[in-house]
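The values are calculated or read from the model by the stated rules, or taken from the named source; none is laboratory data. Worth saying up front: this structure is predicted, and the values here are computed from it rather than measured. Glycine gets a Cβ as well: all are built from the backbone with ideal geometry, and neighbour counts include every protein chain shown. Heads up: the accessible areas ignore ligands, DNA and RNA and are worked out on the full protein's heavy atoms, side chains in. Shrake-Rupley method; radii C 1.70, N 1.55, O 1.52, S 1.80 Å.
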Amino acid sequence: MWRFKRTSKAPQHADSASAAAVLEVSSIDQLAEQLPDSVDELDRLVDELVERYRRQPTREIERQLLALRHILAARSLTSGPSPDFAEPDFESLPPEGEIPEVNAAHLTPGIVRAAILRHGFLIARGVVPRDEAIKLAEGIDRAFEEREKALRGEEPEPGYYEEFQPLEAYRESLLVRPWIREGGGVLAPDAPILCEQMIDLITRHGIRSLVEGYMRERPLISLQKTTLRKAEPHVPGAWHQDGSFMGEVRALNLWLSLSRCGDESPGLDIVPRRLDHYVEQRTDEAVLSIQVSQRVAEQAAGDRPIIRPIFEPGDAVFFDEMLLHQTGSDPSMPKPRYAVECWFFGCSKFPQEYGPLAV
């Protein structure tokens, strides 16, 4: 049973302006039916809950925020024409031939756009404070432990692993859970405490505003492509371009490192070249339908060597659906790598097979 307290649309005969309506519903679909239709009103409800949560965090508010963000995002989807991306700022990029890298203080939508058009990606240092990144990594470790409890039939700690039940129209989309688990991930909506902490991070540190400036429309994230990662060194990477299975989208990915990686733990192997096409899949050793072989990846790189940058907690990479990349792992590495993979999509071209979530 959901108990959801809201101040919007309070009864007309209420004694005071602070009087609140209480919704008691048994499913998220019933909750959606009882909430205002207006996106603006739902935005205000989310803002109210976020303020309450910052003053006094509770598991109940985390669950309510998750449900509200999902309903809000579903109502924010549009089918109109897409705006242009941000105007690229090529002049602010490092010289041609160098790895595109900036400090977070110099991060702008124009630099992100220019780097993606020229190189396929942009490295941004110190996007999130180191201590906050490490704290989120500790939470991910806990989420993995609590999921194992659930798989053993034990009761997990509330907030760290609770399989999210979306609106009925999106329930089949979460059949990816076993595949996400095998790849070293937990879906962020399945850990509501961490999901809200992650959204708080990307909001407070300007990432949400950056993405909105890049897309020039409301950015949404998804239930399936917002993943809390713990990459073990023995799990090999698989070359891929996400757009090959996402369809026609307007996308920007935030890959946020929460631990040192690229040397002592798995990092990210990148073909440092802008590709305007999808390379051949499932050749040579590549057995997955979306996988690209090492030979094809090297051919795509051409005269530019494949890179494996070193990242510290709080560093990030921004790229879109065309980047050819893989987890850069080696069994000899002594530690796992913690990261957040958070794909943003423009509300005008959100992938049809995914469930939306507002930030």
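Take the residues in the stretch 136-184 that are among the basic types (K, R) and more than 24 Å from I28 (Cα to Cα); name whichever of them is surrounded by the most Cβ atoms within 10 Å (Cβ to Cβ). Among residues in the stretch 136-184 that are among the basic types (K, R) and more than 24 Å from I28 (Cα to Cα), the one surrounded by the most Cβ atoms within 10 Å (Cβ to Cβ) is R142.
Taking the criterion of being closer than 28 Å to I290 by Cα, in contact (Cβ under 8 Å) with a residue 60 or more places away in the chain and assigned to a loop (DSSP other than H, G, I, E, B), the residues of the stretch 125-166 that qualify are F164, Q165, P166.
Would you confirm, using the coordinates I've provided, whether L175 is at pLDDT 95 or above, in a helix (DSSP H, G or I) and not acidic (D, E)?
It is false that L175 is at pLDDT 95 or above, in a helix (DSSP H, G or I) and not acidic (D, E).
Please find, within the stretch 82-103, the residue that is modelled with the lowest pLDDT out of those that are closer than 25 Å to Q326 by Cβ and open to solvent by less than 50 Å² (accessible area, probe 1.4 Å). The qualifying residue modelled with the lowest pLDDT is P94. Of everything listed in (1) out of contact with any Gly (no Cβ under 9 Å at 6 or more places or on another chain); (2) within 25 Å of D330 (Cβ to Cβ), the single unmet condition for P309 is (1). When restricted to residues that are among the aromatic types (F, W, Y) and surrounded by fewer than 20 Cβ atoms within 10 Å (Cβ to Cβ), the stretch 226-249 contains 1. The residue that is most open to solvent (accessible area, probe 1.4 Å), among those in the stretch 185-221 that are outside any helix (DSSP H, G or I) and within 17 Å of F345 (Cβ to Cβ), is R216. Scanning the stretch 35-77 for residues that are surrounded by 15 or more Cβ atoms within 10 Å (Cβ to Cβ) and polar (S, T, N, Q), we see that the one that is farthest from E162 (Cα to Cα) is S76. Contact map, the stretch 276-301: residues that are closer than 13 Å to A238 by Cβ and of a type in the set (D, E) paired with residues that are open to solvent by less than 40 Å² (accessible area, probe 1.4 Å) and part of a helix (DSSP H, G or I), Cβ distance under 9 Å, separation 6+ or inter-chain. Pairs shown: D284/V296.
Please specify each residue of the stretch 342-359 satisfying the condition of being of a type outside the set (A, V, I, L, M) and either assigned to a loop (DSSP other than H, G, I, E, B) or open to solvent by 20 Å² or more (accessible area, probe 1.4 Å) (or both).
Once the filter is applied, which keeps residues that are of a type outside the set (A, V, I, L, M) and either assigned to a loop (DSSP other than H, G, I, E, B) or open to solvent by 20 Å² or more (accessible area, probe 1.4 Å) (or both), the stretch 342-359 yields C347, S348, K349, F350, P351, Q352, E353, Y354, G355.
The test for being open to solvent by 10 Å² or more (accessible area, probe 1.4 Å), over 17 Å from the mean Cα position of the chain (by Cα) and more than 28 Å from T283 (Cα to Cα) holds for P334.
Against the conditions (1) of a type outside the set (K, R); (2) without any contact (Cβ under 8 Å) to a residue 24 or more places away in the chain; (3) touching a strand residue (DSSP E or B) at 6+ places or on another chain (Cβ under 6 Å), A74 satisfies every one except (2). Among the residues of the stretch 263-280, is any modelled with pLDDT under 95 and either buried (at least 20 other Cβ atoms within 10 Å of the Cβ) or part of a strand (DSSP E or B) (or both)? No, the stretch 263-280 contains no residue that is modelled with pLDDT under 95 and either buried (at least 20 other Cβ atoms within 10 Å of the Cβ) or part of a strand (DSSP E or B) (or both).
For the stretch 293-315, the tally of residues that are touching a helix residue (DSSP H, G or I) at 6+ places or on another chain (Cβ under 8 Å) and crowded, with 21+ Cβ neighbours inside 10 Å stands at 2. Going by the structure shown, is R229 farther than 20 Å from A137 by Cβ and modelled with pLDDT of 95 or more? Spelling it out, it is not the case that R229 is farther than 20 Å from A137 by Cβ and modelled with pLDDT of 95 or more. Within the stretch 244-263, no residue that is on the phi > 0 side of the Ramachandran plot sits with its Cβ atom under 6 Å from a residue that is surrounded by 22 or more Cβ atoms within 10 Å (Cβ to Cβ) and of a type in the set (D, E) at 6+ positions apart or across chains.
Apart from one condition, L252 fits all of (1) in a helix (DSSP H, G or I); (2) open to solvent by less than 10 Å² (accessible area, probe 1.4 Å); the exception is (1). A count restricted to the stretch 74-112 and to residues that are in a helix (DSSP H, G or I) and under 14 Å from R216 (Cα atoms) stands at 3.
Residues that are open to solvent by 20 Å² or more (accessible area, probe 1.4 Å) and within 19 Å of V235 (Cα to Cα) within the stretch 316-330 comprise Q326, T327, S329, D330, listed in sequence order.
Beta carbons closer than 8 Å, at least 6 apart along the sequence or on distinct chains, pair a first residue in the stretch 99-124 that is among the charged types (D, E, K, R) with a second that is part of a strand (DSSP E or B) and open to solvent by less than 10 Å² (accessible area, probe 1.4 Å) for E101/L122; E101/I123; E101/A124.
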